[in-house]
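Working notes, structure below.
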Amino acid sequence: MAEFRTCPDTGFKIDLNADKLIKWNAVTAVVFLLVGGLFGLLVALTRWPAVHLLDADLFYLALTAHGLDVLLVWMIFFEIALLYFTSAILLNSRLALPKVGWLAYWMMLVGAAITNVAVLRGDSSVMFTSYPPMMAAQDFYMGILIFAVGALLGCLVFFATLYVAKKEKTYEGSVPLVTFGAITAAIIAVFTILSGAIILLPTWFWSLGLLSHIDTLMYRVIWWGMGHSSQQINVAAQISCWYAVAAILFNAKPLSEKVSRTAFLLYILFLQLASAHHLLVDPALSSEWKIFNTSYALYLAVLGSMIHGLTVPGAVEAAQRKKGYNKGLFEWLTKCPWSNPVFAGTALSVVLFGFLGGISGVMMGTEQLNLITHNTIYVPGHFHGTVVVGSTLAFMAISYWIVPTLWQKELVFPGLAKWQPYLFGIGMGLAATFMMGAGTLGVPRRHWDMTFADAAMGYDFPAAANLMMGLNGVAAVMGSLGALIFILNMVGTILWGKAKVPAPAAPAEEAPAAVASAATSHGSAGTMEVPGTFVLALIFLVSFVLYYFVNWKYLSSVWGLS
Amino acid sequence: MAIFPPEQRVWWNEPIEKSEVMWITIAFIWALVMFFMMPYWHIVGEQNLSNEAYKIKPDVYAEKVEAWAAKYKVREEGDTGIPVVHPPAGGDVYMLGRLWEWWPVVELEEGQSYRFHLSSLDWMHGWSLLPENINIQVHPGYEMIFTVKPTSSGEFGVICNEFCGIGHHTMVGKIHVVAK
Amino acid sequence: MSDTGSNEKIPFMQQLLDSPFLLLAIGILSPMVLYILWGVMEVIATPIAQ
């Protein structure tokens, strides 16, 4: 029988198995964020031309480890914790199959450790993408496969918990929107893991000498089904966190359940097609395949993101206006708790993800525009705009709520926590921007020496390119400091945090029925208009349109290709 | 609230708030514009990557490139003595990527169109023409053919932007474009 | 839960969105067919150079 405790802050019934699994997965995630983040700092310091810290072999080793540990391991461990939270806890249910949950945890940990050892040994510096025919040691692939099976088991526990909760009627009606977002993330995760298995299993056999050849193009098509989709898990999970924070801090209700859930449905159907973003300048794939897939079928997943971009701040605006912050367009926004890291991190995540990650991703995911961005450092610039200042920042923000709540402890450094989202968000946001700037000048990604000092024939980048790579280094140092403060705060809170004094009932404890009576029965936000959010959304759209066409203009100036 | 089940048992029939409807409409129109930009550019734009590609064995491709280079070689360049090849305007141009060079150096004429062949003999490489910033993924075993029309003259660098091992950063080639 | 409309039939779309396992199936099928299968077929169909 499952045992439960009641959360003093929220009134949620918490299954002790879920409690423990969430904690272990989240803490492990943070450890990998530390390891992967340190490698990232080394990479940024090496690409800073005036510093050029590491030697070439160590640089490629650090870059491989950086990609694996943060893009994959940190993200997936944290997401597994979120899956257990959004299923067992938000549905007031027991966690199904806790033993499988532990098996999943240990497989992920052992798999990640095996691959890390292979990389650190120095014979598997093949980058996160491990394109053949460049071969890593066999345990590099084996570790990832073990990790992937573990993650798949974690998804199984999540889906089984949904089933159990429904069967045991632990909730009425539909699942909460946040849980629905988590379902979206889990569905994408299953596709991600299957694609990974389809291609990495033969690649592992090849590294063992059992297969003689892996077709490089086939590998890239299927591998990116995993590589890109794994980042789409983050997007879905991060947007769930946005909705959750709006609900927790503001009692905000989605403007419309129907619209937000349909936006998630567009993700389920189309988001994963964007794996084609990586194959737009590859041979042998037709323009039809490229255009259809890269555009997520008519940009329907982008439509989904643009909807979330309106409804999350919209829900906050509606809630704030209901409280009386009605002056002008933006009083609701200025009266937000900007010194609360849960809010500040989330707000920055929404804005930076949209402006830096979102717009750049759509631009370079356009079939022809990819010609002027492919494999330049613009690409890492883009995904630091999504996975770092979007997902990682959102996960940090919600950790400031989850960790004190689940552990029932006070933050150890509340003063630092106020500044941390800004330090990290702005630091990494600048890093992403400088990388994109350098990429526009053609600076390559995954490259040890852009001065080509030991090359037979050289190429001189304009001074601006070197300057931007230097500024990227400075910004990355700032961001790393932000990440370090976050990690210290979390680890410190868990280890030495003072026990929380039972607080008076938090707003989130309010029963849904009570909230319902406050609003009209139709439309979760009542009939509240959200003019401020609408204006912000229009500003976003105008920036998007301008940036998009500026790049077409740039493309039209290069050599003719047909 | 988003962390609780919806209040209404049937929420699908709830009316949608006006600014949401407007935003969805605008966003959808923008999505269509972006989608149709791609086929539109295929029709009117000057920068489209062709879909012509063939499977080819690396040694077969190497022979083709060498035969072509021998035929149209005009001089050698630099300490390595890498051949500079000047093919007839409008003809075929070959380039190959291998650890760690782009071979050979090519000399083209401004304003002329060429059928450009590209493949790798060993690992994957990234063909990056600078400062134009045109980037193409190069696979071993696949020959890609596209038409190139240089619209500016001078010396252009070709660097590798797909990680190809420890000498990756030394992989630099050249294309000269002579003015008419 | 409000009392109003408790006998109302649940619309098809809501039923779909309330069925995680159905969504799981289409969420895997859609990219498997449109992205992977179509892509792999094009790779396989690449002609051999003369």
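Each value in this text was obtained by applying a stated rule to the coordinates, not by laboratory testing. Every value quoted in this text rests on a predicted model; they were computed, and no experiment measured them. Using ideal geometry, Cβ is built from the backbone for each residue, glycine included, and neighbour counts are taken over all protein chains shown.
For the stretch A:285-309, the set of residues classified as surrounded by 24 or more Cβ atoms within 10 Å (Cβ to Cβ) and over 21 Å from A:Ala185 (Cα atoms) consists of A:Lys290 only. Listed by position, the helices (runs of 4 or more DSSP H) contained in the stretch A:211-294 that have at least 3 residues being in contact (Cβ under 8 Å) with a residue 12 or more places away in the chain and over 21 Å from A:Ile359 (Cα atoms) are A:216-250, A:257-270.
In the stretch A:18-42, of all residues being of a type in the set (Val, Ile, Thr) and either touching a strand residue (DSSP E or B) at 6+ places or on another chain (Cβ under 8 Å) or in contact (Cβ under 8 Å) with a residue 24 or more places away in the chain (or both), the one that is farthest from A:Ala81 (Cα to Cα) corresponds to A:Val35. Residues being within 14 Å of chain B (Cβ to nearest Cβ), buried (at least 24 other Cβ atoms within 10 Å of the Cβ), of a type outside the set (Asp, Glu) and within 27 Å of A:Leu249 (Cβ to Cβ) are entirely absent from the stretch A:352-375.
Here the condition is being exposed (fewer than 15 other Cβ atoms within 10 Å of the Cβ) and in contact with a helix residue (DSSP H, G or I) (Cβ under 7 Å, 6 or more places away or on another chain); of B:Leu96, B:Leu49, B:Leu32, it holds for B:Leu32 alone. From A:Leu217, A:Leu194, grab the single residue that is within 11 Å of chain C (Cβ to nearest Cβ) and either among the aromatic types (Phe, Trp, Tyr) or crowded, with 22+ Cβ neighbours inside 10 Å (or both). Exactly one residue qualifies, and that residue is A:Leu217.
Scanning the stretch A:137-170 for residues that are crowded, with 23+ Cβ neighbours inside 10 Å and not in a helix (DSSP H, G or I) returns no hits. Out of all the residues in the stretch A:296-305, is one or more within 9 Å of chain B (Cβ to nearest Cβ), more than 22 Å from the chain's Cα centre (by Cα), touching a residue at least 12 places away in the same chain (Cβ under 8 Å) and over 30 Å from C:Met32 (Cβ atoms)? Taking every residue of the stretch A:296-305 in turn, none turns out to be within 9 Å of chain B (Cβ to nearest Cβ), more than 22 Å from the chain's Cα centre (by Cα), touching a residue at least 12 places away in the same chain (Cβ under 8 Å) and over 30 Å from C:Met32 (Cβ atoms). Kindly indicate the residue of the stretch B:133-180 that is among the acidic types (Asp, Glu) and part of a strand (DSSP E or B) and also surrounded by the most Cβ atoms within 10 Å (Cβ to Cβ) among those meeting that condition. Looking at residues that are among the acidic types (Asp, Glu) and part of a strand (DSSP E or B), I get B:Glu143.
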